[in-house]
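Below is one structure, written out as structure tokens; the observations come after it.
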Amino acid sequence: MGLREQKKKRTRKAISDMATLLFIERGYHQVTTAEIAEKAGVSVPTLFNYFPTKEALVFDEDTEIEAGLIATVENRQSGQGILEALIATGFRGIDVHHAEHQQQVAAFMALVDNTPELSRYAKDMWLRHEKALAQAILRTVKNPLSQCQAEAVAHYILDAFQRALRAPDPDQALGAQLRLLANGWPE
């Protein structure tokens, strides 16, 4: 990545971090995009060059999350199952175990859950990820699946990640949910 791309990435992250901080502190509806731009040190048009909507400001890692999921599925080790690879990857890159980060994750999740616009945006985002993950699953599974089956598996996987983020031990919760999918539900 060249210097220009690195600067763009840093600027994008700074804008999103400022927006998320202000939204958590004061509420989504109490913060304007002009205020975010000013505090982030950019103009309003620059802010909208990076983020097409106010909701998008909160989800700056949208494309990276999707790319990471697909890479985990497509680049897993030989003989490693999809669920095994996803469990191994878990929340790598997100420190959900440190108390400070757990509080930040909880505050972020509360912001999204309690703001209808963000909730809708998140659901749409995860639906896009679900379709992309389903396609990656279909391209890489040994035993054939239908489109419907692949989408159901992808939906369950992404829901497991969301539920695990809200659990006291996210990695353990994710592993338990994905193992349930892999091994079936023992009635």
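The values are calculated or read from the model by the stated rules, or taken from the named source; none is laboratory data. Only a predicted model underlies this, so the values are computations on that prediction, with no experimental measurement involved. Here Cβ is always computed from backbone atoms with ideal geometry, including for glycine, and neighbour counts include all displayed protein chains. These area figures cover heavy atoms from the full protein model, side chains too; ligands, DNA and RNA do not enter into them. Shrake-Rupley method; radii C 1.70, N 1.55, O 1.52, S 1.80 Å.
Numbers at a glance
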| quantity | calculated |
| --- | --- |
| Residue within the stretch 113-124 that is more than 15 Å from the chain's Cα centre (by Cα), over 29 Å from PHE23 (Cα atoms) and open to solvent by 20 Å² or more (accessible area, probe 1.4 Å) present | no |
| Check on GLY93, open to solvent by 40 Å² or more (accessible area, probe 1.4 Å), at positive phi and modelled with pLDDT under 90 | yes |
| Pairs with Cβ under 7 Å, 6+ apart, first in the stretch 36-63 and without any contact (Cβ under 8 Å) to a residue 12 or more places away in the chain, second polar (S, T, N, Q) | VAL44/THR33 |
| In the stretch 159-187, the residues that are surrounded by fewer than 17 Cβ atoms within 10 Å (Cβ to Cβ), free of Cβ contacts under 8 Å to residues at least 60 places away in the same chain and assigned to a helix (DSSP H, G or I) | ASP159, GLN162, ARG163, GLN172, ALA176, LEU180, ASN183 |
| Odd one out for GLN149 among (1) closer than 30 Å to THR53 by Cα; (2) surrounded by 14 or more Cβ atoms within 10 Å (Cβ to Cβ); (3) at pLDDT 90 or above; (4) not aliphatic (A, V, I, L, M) | (1) |
| Test: HIS129 is open to solvent by 40 Å² or more (accessible area, probe 1.4 Å) and either at positive phi or in contact with a helix residue (DSSP H, G or I) (Cβ under 7 Å, 6 or more places away or on another chain) (or both) | no |
| Residue in the stretch 1-28 that is modelled with the lowest pLDDT, counting only those that are of a type in the set (A, V, I, L, M, F, W, C) and open to solvent by 90 Å² or more (accessible area, probe 1.4 Å) | MET1 |
| Pair list, Cβ < 6 Å and 6+ apart or interchain, from the stretch 103-132 residues that are closer than 19 Å to ILE24 by Cβ to residues that are open to solvent by less than 50 Å² (accessible area, probe 1.4 Å) and among the acidic types (Asp, Glu) | GLU117/GLU55; LEU118/GLU55; TYR121/GLU55; MET125/ASP62 |
